[in-house]
Amino acid sequence: MLPVIYALMRSYAPYITLPVSIIIGVIGYNIEGLISDKYTPTKKLSFEEERLERQLQEMENSSATSKSLKTKYFVPKTIFEKNTST
C-alpha cells in the first residue's frame, strides 16, 4: 500500500505543490504588507543637484587641506608600494 501512495504522490506532486506554494506566497505577501512601512520619502533635490553640492563640499574641504605637489605624496618610496590594490 505504501508504494502505491508514493507513486501517487510522485505523479501528482506538481498539482499539489503549486497551489500550496501560491497560498504560502499570498499569506507571506500580506504579512509583509502589514509589517513593513510602505512610505518612501521624496527627495527635495535631483541627483545632479546632489552631485554638484557634494562636489562643492569636497572642493571646499580639499582647498583647506590641500597638499602641495612638491611633496610628491603620490610617488611610492619603494617599488613594492607601487602596485598595491588597496
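The values are calculated or read from the model by the stated rules, or taken from the named source; none is laboratory data. Computed from a prediction, not measured in an experiment: that's the story for all the values here. With ideal geometry, Cβ positions are generated from the backbone for all residues, glycine too; neighbour counts draw on all protein chains shown. To get the accessible areas, we keep the full protein, side chains included, count just its heavy atoms, and leave off ligands, DNA and RNA. Shrake-Rupley method; radii C 1.70, N 1.55, O 1.52, S 1.80 Å.
Quick one: what Rg and Dmax do you get for segment 1-65 from the alpha carbons, in Å?
For segment 1-65, the Cα radius of gyration and maximum Cα-Cα distance read 28.0, 85 Å.
What dipole magnitude, in Debye to the nearest 20, does segment 1-65 give about its Cα centre under +1 on Lys/Arg Cβ and -1 on Asp/Glu Cβ?
540
For segment 1-65, what % of the accessible area comes from carbon and sulfur atoms, probe 1.4 Å?
The nonpolar share, carbon plus sulfur, comes to 66 percent.
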